[in-house]
1. Given R₀ = 35 Å, FRET efficiency for A276-A485 by Cβ-Cβ distance, to 0.05?
2. Along its three principal axes, how long is the stretch 637-749 when you only count alpha carbons? Whole Å, largest extent first please.
3. How many percent of the alpha carbon pairs in the stretch 453-610 exceed a separation of 22 Å?
4. DSSP beta bridges in the chain, what fraction antiparallel, as a percent rounded to 5?
5. To one decimal place, what orientation-averaged projected area in nm² is obtained for the convex hull of the Cα set of the stretch 117-257?
6. Lys/Arg Cβ at +1, Asp/Glu Cβ at -1, dipole of the stretch 747-800 taken about the Cα centre: which of T794, V763, H775 is farthest positive-ward?
7. Can you give me the distance in nm between label points at R412 and E617, each placed 7 Å from the Cα along the Cα-to-Cβ direction?
8. Cα centroid distance between the stretch 761-788 and the stretch 453-474, in Å?
Amino acid sequence: MKRIFFYLLLSLTTLGIIGAGAAFGLFVWVSKGLPSVTAISDFHLPQTTTVYARDKTIIGYFSKEKRFLVNLDNMAPHLPWAFLAMEDSRFYEHSGVDPVAIVRAFMANLRTGRHGQGGSTITQQLVKRMLLKDSSKSYIRKLKEAILAYRLEKHLTKNEILYLYLNEIYLGNSAYGVEAAARTYFAKHAKDLTLAECAVLGGLPQAPSENNPYSQPVNTRNRQLLVLGRMLDMGFITKEQHDAAVNEPLNYRRMPDPSWSVGSWYLEEVRRQSIAMFSKENVEAKGIPLTLYGEDAIYEGGLHIYTAMDTFHQRAAEIALRAGLYDACKRRGWRGPVENLAAPQQAEFLKHKFSPADLDNAGWAKALVVSVSKDGADVRMGGYKGHIKVATMGWCRTPNTNISPEAAGQVRDATRVLAPGDVVWVSAVGAYGVANPVGVPASPDDKRNPVPRYSPAGITKDTVIPLVLEQLPDLQGAVASIDVASGDLVALVGGYEFSSANSFNRATQAVRQPGSSFKPIVYSAALDSGFTAGSIVLDAPFVLPSNTGSKTWKPGNFDGKFLGPILLRTALAKSRNACTVRVAQQVGMNAIVERAKALGVPGEIPPVLAISLGSYEASPLTMAEVYTAFANQGTRITPRIITEVRNSWREPILYFEPGKTEAITPQNAYIMASLLKEVVNAGTAAKASVLRRPVAGKTGTSNDERDAWFIGFSPYIVTSVYVGYDDNSPMGRMETGGRASLPIFIKYRQLIDPLYPPSDFSVPPGITMARIDAHTGYIAGPDSTEAYNLPFITGTVPQIVSGQPLQKGDDDVQSGVDLFKQ
């Protein structure tokens, strides 16, 4: 008997040893190739980058996974416990693997006959997703999990593991981590959640789609009650807290995402610049403390990017540009309906959902034309009726770039414009007036809107809604605005409407001929080459012979007329081409090219006379930068778009100052600002006098009205406006800078000027004012019939009085009259 017992014991021992050896061998085999748990400390959770305006309001996000890291002490106190109650109630008791949970799961699986519960701890779940990235349900994978979980518990504290878990977990609706989920479901930060809301989030990890609060509210509620019950059973909350949370109403709503709404063009420019700024080469060369580069840095780095954008300026610029492009396109005429539908298609179109509220607050809608008479057109929008009077169609002429809108006349027969089956855009009469663009409601005192404001209240399907025919602009444009004091690019708009398919930013990426808006560069160089504001220049036909056998160059003026000898002041104010070419010829194109470079025009500028009239291409932002020297006492500003970058923990890593370059003398800048004020006071930009404060600027129009510009400034702001077609097509007769671009500038300034006190340009030392005869360029005398107060660099004021006989030695003084004779 003893022998049998001995052999049995020996056998069992041997089997135990073999089993232990086999287990050890399995352990060694499974352990081979496992990742090091130390890597989890350096594991990068993709985070959302946040972009801010200069007032620190959020203007957008960049992300691959919507995630915002948040520490445990920045979470609502009940939030971690809600997850622990459902996922790992013994989290603070086990060492990475919970035998109790494993046995409980094993027994549950035996009862159900399914492999439904796994008994995984939070540590194991974290290991599976961050280290193994294996969702299979094999026992080998579970063993790997257990080994790594045990190791991880030796490497990190419990709170560090819980922090990683709560920030890594996916909780549905593109929300990763509890902070993103709090914003997604309750429009709150994680620290502000109530117990009832914490319980909702705690019930999501197992099946975020099945328990989606938006699509499955009943499931969500049941899951929330289960979480609250578990929290009560485990002593995480009191009975009073439990009952209050059960009875608390749930209000599901998302935190607004401002991305790609106001400031889309600006946000896209920030994105492009940031990707370039954080290229691997740049990061390493400048020692920027980042481990991600390029797009990865922006879309995964959780950076905080602070910009110079002013949301008020940006919105004002967007409104102004859209309004200007809308008006310009209406001046061009009617391009036709969106489409024309046959009868079967018309029936399908009328099934589209429409509500009268769609037309409120400057809304547009598509309508189907069902009948047309000379006096107007009847339309349908879903089950609603509308009528477009011919009186609102006067602008709908057939486009003809050779005829101005005034010469084309008004359309008075609706049948020339519309036909049954046409699908057209319409707006409601009284919603904002006939001449405002989509999305731009008029002010209450808008004189263009004599009818009562449209209201959808009370409209039935028997109501005939008064409508206005509309068309989306095909013209494009740009606005760039620089705050002089800060050097901030406060507004940047690159087109009529931003979309992922139409993100080409014309303010920064388009280079077009600036036309006469280049002329101030010529006149600035002239002031340093012997010319003064009172110099007389000749406005007469100019012919440049060709040395290559091509046609001679004969630059003319826009109006086809010549004024003869005029003041340099008048030549710039009236934008006389012939005068400018003569001045450029005398100054020398090399000097003008150097001045252009000093003022910030990039590239290799050919020193040819045609450049003086704006044939060299530049971007709207570049032209705004050029004019900052005139507004800023000779100091050119290279504006900043990004002001600061911080890492995911808000630690500063980069700071930017605007670039400042002494481009011209303060005296030159003051005289140029004074001359460009005359463009507004009595020149091609006279419409801007409506602003009733000191404004300077210059219009510009390229050949055949292909590009229209106005760059305007006051001591506090410089704004560049460009309008034109992307394919460089002519815009139409009379679509000049003064007509197409200047109104955009005026609208923008009307909106933002109340932010600034009226101020004029400061007079620097070394400036002398003198009253100059407009016909002679001398000091105005008693018989002068036309004279102007003009600024001069001290020592350059004419010494001769107009109308008085020359004294001995006066013939040695170079007068303005003599200049055009050379």
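The values are calculated or read from the model by the stated rules, or taken from the named source; none is laboratory data. The structure displayed is predicted, hence computed values, not measured ones. Virtual Cβ from ideal backbone geometry, glycine too; neighbours counted across all protein chains shown. All accessible areas refer to the heavy atoms of the entire protein, side chains included, with ligands and DNA or RNA removed. Shrake-Rupley method; radii C 1.70, N 1.55, O 1.52, S 1.80 Å.
1. In this case the efficiency is close to 0.80.
2. Largest first, the stretch 637-749 extends 56, 40, 26 Å along its Cα principal axes.
3. 62
4. Details: 79 of 93 bridges.
The antiparallel proportion sits near 85 percent.
5. Averaged projected area of the stretch 117-257's Cα convex hull equals 9.3 nm².
6. The Cα lying farthest towards the positive end belongs to V763.
7. Simple spin-label model gives 4.5 nm for this pair.
8. That distance is 58 Å.
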